[in-house]
1. Every residue in the stretch 92-120 that is under 13 Å from Met160 (Cα atoms) and in contact with a Leu (Cβ under 8 Å, 6 or more places away or on another chain), please.
2. Evaluate the stretch 12-31: report whether one residue or more is out of contact with any His (no Cβ under 9 Å at 6 or more places or on another chain), polar (S, T, N, Q) and within 30 Å of Ile95 (Cα to Cα).
3. Within the stretch 86-96, can you find the residues that are open to solvent by less than 60 Å² (accessible area, probe 1.4 Å) and not aliphatic (A, V, I, L, M)?
4. Step by step: first the residues of the stretch 123-177, then only those that are among the acidic types (Asp, Glu) and closer than 21 Å to Ser34 by Cα, then the one that is surrounded by the fewest Cβ atoms within 10 Å (Cβ to Cβ). Which residue is that?
5. Which residue, of Met99, Met71, is open to solvent by 50 Å² or more (accessible area, probe 1.4 Å) and of a type outside the set (Asp, Glu)?
6. Looking at the structure I just gave you, is Leu77 assigned to a strand (DSSP E or B) and free of Cβ contacts under 8 Å to residues at least 40 places away in the same chain?
7. Take the residues in the stretch 57-67 that are surrounded by 15 or more Cβ atoms within 10 Å (Cβ to Cβ) and assigned to a helix (DSSP H, G or I); name whichever of them is modelled with the lowest pLDDT.
8. So which residues in the stretch 1-50 are free of Cβ contacts under 8 Å to residues at least 40 places away in the same chain, open to solvent by 50 Å² or more (accessible area, probe 1.4 Å) and under 23 Å from Gly100 (Cβ atoms)?
Amino acid sequence: DRKFTAYDQGVLADLTLSDEELRFIAENHDVVVSDQWGKISEYFPKLREMGIPTAYDCSTRVSSPSALSVMPHCDYLFFSADDGDCRTLRELMRIVHSMGPKLVIAMLGENGSLCFDGKDFHKCGIVSCDDLVDTLGAGDSYIAGFLFGITEGLSIEEAMYKGAANATETLKYFGAW
């Protein structure tokens with residue numbers, strides 16, 4: 001097990017983006033991904049206006065002030081939950097979706113993942129891992145695989161599977177984050 005202590009923002013502490021940098025991002029990238037520590041959430045409204053999809057990782061803090069502030073400007077909202085596919089989780093996903101994201105994705109660890117598109121729930125299991133070493137970074141890897149699949153035009157189910165397969169690769173390494 002691990003314990004995280006103080007978080008040092010380092011070079012991110014004073015990060016700001018100019019209009020020129022925002023244009024560069026919008027013109028040269030498929031999607032912008034952030035989390036509550038990423039320091040770019042405030043730019044989501046402008047990036048979305050510029051036509052670039054945005055994704056946000058809430059971790060386990062789906063109701064945090066930073067997550068709530070970004071939801072109206074977010075295309076893909078990810079969060080981690082331990083309770084598996086249950087009625088309470090589905091209701092939370094409906095509420096989050098109503099706040100703005102196109103897709104709300106709950107990463108459920110060994111229970112796979114669940115995605116809500118505003119109409120239907122899509123469920124994906126895990127990709128079996130024969131050599132589990134460490135779970136650190138598996139959620140980030142899931143997000144990367146999912147977003148790659150979506151930007152390549154895959155269906156939600158195919159993107160979820162791509163995320164699960166990518167996460168499984170990360171499980172094979174110590175401290176992959």
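The values are calculated or read from the model by the stated rules, or taken from the named source; none is laboratory data. This is a predicted model, so every value here is computed, not measured. We place every Cβ from the backbone using ideal geometry, glycine too, and count neighbours over all the protein chains shown. Calculation scope for accessible area: heavy atoms of the full protein, side chains included, ligands and nucleic acids excluded. Shrake-Rupley method; radii C 1.70, N 1.55, O 1.52, S 1.80 Å.
1. Leu103, Val104, Ile105, Ala106, Leu108, Leu114, Cys115, Phe116, Asp117
2. Let us first name the residues in the stretch 12-31 that are out of contact with any His (no Cβ under 9 Å at 6 or more places or on another chain), namely 12-31.
Next cut, polar (S, T, N, Q) only: 16, 18, 28.
Subsequent filtering for residues that are within 30 Å of Ile95 (Cα to Cα) retains none.
Within the stretch 12-31 (the criterion being out of contact with any His (no Cβ under 9 Å at 6 or more places or on another chain), polar (S, T, N, Q) and within 30 Å of Ile95 (Cα to Cα)), the answer is no, since none of the residues qualifies.
3. Within the stretch 86-96, Cys86 is the sole residue that qualifies.
4. Glu152
5. None of the others qualify; the one that does is Met99.
6. Working: assigned to a strand (DSSP E or B): yes; free of Cβ contacts under 8 Å to residues at least 40 places away in the same chain: yes.
Against the criterion (assigned to a strand (DSSP E or B) and free of Cβ contacts under 8 Å to residues at least 40 places away in the same chain), Leu77 qualifies.
7. Ser66
8. His29, Gln36, Trp37, Lys39, Glu42, Lys46, Arg48, Glu49, Met50
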